[in-house]
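Enquirer: The structure follows.
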Amino acid sequence: MHCAGCYSRCINATVDEAPVSQLIDKEWGRIFKEASSLGISFILLAGGEPMLRWDVIKEASKIKKIIFPIFTNGTIMGEEHIKLLDGNRNLLPIISIEGSRTATDSRRGEGVYDKLGSTMEQLNKKGILFGASITITSDNINEVTSSEFLDGLAGKGCSVVIFVEYVPIDGKSENIALGEAEKEYLKERVNALRKQKEDMVYISFPGDEEYVGGCVAAGRGFFHINSHGGAEPCPFSPYSDINLKNSSLKEALSSKLFERLRLEGILSQPHKGGCVLYDKKSEIEALIENK
Ligand code: SF4
């Protein structure tokens with residue numbers, strides 16, 4: 001999903017959450033069209049819950065040159081949704097799951113695990129490609145990387161597993177973020193899984209960035225558009241100095257903040273592992289204040 005090029009090939013878009021001043025469907029449609037004309041290949045739709053922005057999903061379905069992985073909680077999947085996904089294979093549902101029934105239901109609510117199972121069954125019946133997204137913490141790392149758990153997902157028709165390392169952007173809950181030994185374990189385990197279970201695609205974020213030359217934020221391979229239209233280096237680095245409501249994508253990619261991050265070498269600075277911009281957040285805040 002991330003590329004090593006010096007110009008963005010991927011966008012992460014948060015399409016819901018903000019009740020006021022969020023981008024409307026036509027604005028997202030304009031952004032998607034411009035992205036297509038710039039050669040951007042992937043736009044990840046996330047939230048909150050992007051399936052609540054059905055208007056935006058419909059706009060996405062029209063842009064056939066772009067693959068839209070939709071990061072959904074998987075609980076909103078009626079006939080209408082399945083029909084749209086079935087007819088527009090550029091839409092790729094990625095269902096969030098926490099691990100076992102106990103882990104999923106305790107974090108997401110009673111009965112959610114069964115609901116996700118039924119959503120996967122519906123997608124599988126129609127032959128719709130889908131994946132699972134799992135936030136990895138020090139609490140669930142062993143379970144969600146186990147063969148038992150992953151074979152269970154494959155048995156339900158899941159073809160892509162995305163491991164997303166938990167990043168405590170609020171500075172709280174650092175206790176469940178992965179330590180150095182756990183990051184190393186994850187890296188080795190993902191490499192082993194890629195050799196052992198070739199029928200499933202495994203993506204590890206941000207772990208895989210080491211294979212593409214480090215942090216790909218700020219348009220180096222990837223950037224984030226929040227639900228208000230703010231262009232941010234990455235969802236894990238929520239700072240912005242330009243808005244897509246009144247700017248083009250090309251202008252956003254050349255924003256002062258993005259250019260300084262790319263040109264001043266912050267993205268490639270040494271850091272403690274995991275997310276470089278989280279590690280360097282005081283430097284980013286200084287860039288915004290002194291722009
Ligand atoms: S800001 Fe962090 S998570 Fe985002 S691309 Fe850079 S290293 Fe990866």
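Computed from the coordinates by the stated procedures, all read-outs in this text should not be read as laboratory data. Please read these numbers as outputs of a predicted model, since none were measured by experiment. As a convention, Cβ positions derive from the backbone with ideal geometry for all residues, glycine included, and neighbour counts pool all protein chains shown.
Enquirer: Among DSSP beta bridges whose residues both lie in the chain, state the antiparallel percentage, nearest 5. List each step's numbers first, then the result.
Expert: Working: 4 of 34 bridges.
Close to 10 percent.
Enquirer: On a C-alpha basis, how far is the centre of region 133-199 from the centre of region 41-119 in Å? Whole number, if you could?
Expert: Between the Cα centres of region 133-199 and region 41-119 lies a distance of 20 Å.
Enquirer: Provide the gained length on full extension for the span Lys250 to Asn142, in nm with one decimal, where the gain is 0.36 nm per separating residue minus the Cα-Cα distance.
Expert: Values: separation 108, 0.36 × 108 = 38.88 nm, distance 4.21 nm.
Working it through step by step, the gained length comes to 34.7 nm.
Enquirer: Starting from 0.36 nm per residue, how many nanometres of slack lie between Arg89 and Arg107 once their C-alpha separation is accounted for? Could you put the intermediate results ahead of the total?
Expert: Working: separation 18, 0.36 × 18 = 6.48 nm, distance 3.04 nm.
Going from the current span to full extension adds 3.4 nm.
Enquirer: Another question, if that's okay. For each pair in Lys64/Lys281; Lys26/Lys125; Lys58/Lys245, compute the distance between the two Cα atoms and list the pairs where it is over 25 Å. Could the numbers behind the result be given before it?
Expert: Working: Lys64/Lys281 37 Å; Lys26/Lys125 33 Å; Lys58/Lys245 19 Å.
Where the Cα-Cα span goes over 25 Å, the pairs concerned are Lys64/Lys281; Lys26/Lys125.
Enquirer: In addition: Of Gly117, Leu244, Pro93, which is farthest on the positive side of the dipole of the chain, counting Cα position, with +1 on Lys and Arg Cβ, -1 on Asp and Glu Cβ, and the Cα centre as origin?
Expert: With unit charges placed on the Cβ atoms, the residue in question is Leu244.
Enquirer: Given the pairs Lys65/Lys195; Lys62/Lys115; Lys195/Lys250, which are separated by over 32 angstrom at their Cα positions? Please report the intermediate quantities before stating the final value.
Expert: Working: Lys65/Lys195 30 Å; Lys62/Lys115 28 Å; Lys195/Lys250 39 Å.
Over 32 Å apart, Cα to Cα: Lys195/Lys250.
Enquirer: Where the only charges are on Cβ atoms (+1 Lys, Arg; -1 Asp, Glu), what is the dipole of the chain about its Cα centre, to the nearest 20 debye? Intermediate results must be reported in sequence, preceding the final value.
Expert: Working: 35 positive and 41 negative charges, 221 e Å.
Magnitude of the dipole: close to 1060 debye.
Enquirer: Can you give me the span-like helices of the chain, meaning DSSP H runs with 15 Å or more of Cα extent along the axis and Kyte-Doolittle mean at or above -1.0? Spell out each step's value before the answer.
Expert: Details: long enough: 25-38 (20 Å, -0.91); 112-125 (20 Å, -0.81); 180-196 (24 Å, -1.62).
Result, helices passing both filters: 25-38, 112-125.
Enquirer: Can you tell me the relative contact order of region 10-289? Whole percent, Cα pairs under 8 Å, sequence separation 6 or more. Before the final figure, lay out each step's value.
Expert: Working: 450 pairs, mean separation 45.9, N = 280.
Across region 10-289, relative contact order equals 16 percent.
Enquirer: Calculated from DSSP H runs of 4 or more alone, at -39500 (n - 2.57) each and per residue, what is the 222 nm mean residue ellipticity of the chain, nearest 500? Spell out each step's value before the answer.
Expert: Working: 12 runs with 109 residues, N = 291.
Taking each H run of at least 4 residues, the total per residue is -10500 deg cm²/dmol.
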